[in-house]
Amino acid sequence: MSTIYIDFTDIGDYEDFYAQLKEKIKLPEHFGDNLDALSDVITGELEMPLHIEFVNMTVDQLEIFEDLLLTLEDAEEETEDFTFTYFLEQYEDDEDDLNQEEE
C-alpha cells in the first residue's frame, strides 16, 4: 500500500494544499485544483491501494478544510483500497508549561 503524507504545517489555504499534493502524487494533466477533480482522480484514476494521511493540522485548519475532509471521507466509502486519516498538531511544550505551573 502506498502512503502519502501531507504536512499541514505550511498549508494555509487550498492553493498551498494542492501545491503539496502535486508534489506527492502524480496527477493527470487535466486535473483542476478543486474538490470535484480530487474526488474523480481518487475514485477512478489513482493506483490503489492508497492511504492519504494529513499530519500537523490545527483546529483552525479543520474548519478551513472541512469540505476537503468530507470529500476524502466520501471517497474512502466509495473506493475499495483507499483510506484516509488526519492528525492534529501535538503541543508537547504546552504540557511542559502546565507541569511547571503546577509545581
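Out of everything in the stretch 21-44 that is under 20 Å from Glu76 (Cβ atoms) and either exposed (fewer than 12 other Cβ atoms within 10 Å of the Cβ) or among the polar types (S, T, N, Q) (or both), what residue ends up being farthest from the chain's Cα centre (by Cα)? The qualifying residue farthest from the chain's Cα centre (by Cα) is Gly44. On the stretch given as the stretch 62-91, residues that are closer than 17 Å to Asp7 by Cα and in a helix (DSSP H, G or I) total 7.
Conditions (1) in contact with an Asp or Glu (Cβ under 9 Å, 6 or more places away or on another chain); (2) at pLDDT 95 or above; (3) of a type in the set (Asp, Glu), marked per residue:
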| residue | (1), (2), (3) |
| --- | --- |
| Met1 | yes, no, no |
| Tyr5 | yes, yes, no |
| Asp10 | yes, no, yes |
| Asp13 | no, yes, yes |
| Tyr18 | yes, yes, no |
| Glu29 | no, no, yes |
| Ser39 | yes, yes, no |
| Glu45 | no, no, yes |
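Every condition in (1) within 21 Å of Asp74 (Cα to Cα); (2) surrounded by 12 or more Cβ atoms within 10 Å (Cβ to Cβ); (3) of a type outside the set (Gly, Ala, Ser) is met by Met1 except one, and the failing one is (2). Remark: pairs (first residue in the stretch 25-44, in a helix (DSSP H, G or I); second residue small (Gly, Ala, Ser); Cβ separation under 7 Å; 6+ apart in sequence or on different chains) = Ser39/Ala75; Ile42/Ala75; Thr43/Ala75.
The values are calculated or read from the model by the stated rules, or taken from the named source; none is laboratory data. Note that the coordinates shown come from a computational prediction; the quantities given were computed from them, not determined experimentally. Cβ coordinates were reconstructed from backbone atoms using ideal geometry, including for glycine residues, and neighbour counts include every protein chain displayed.
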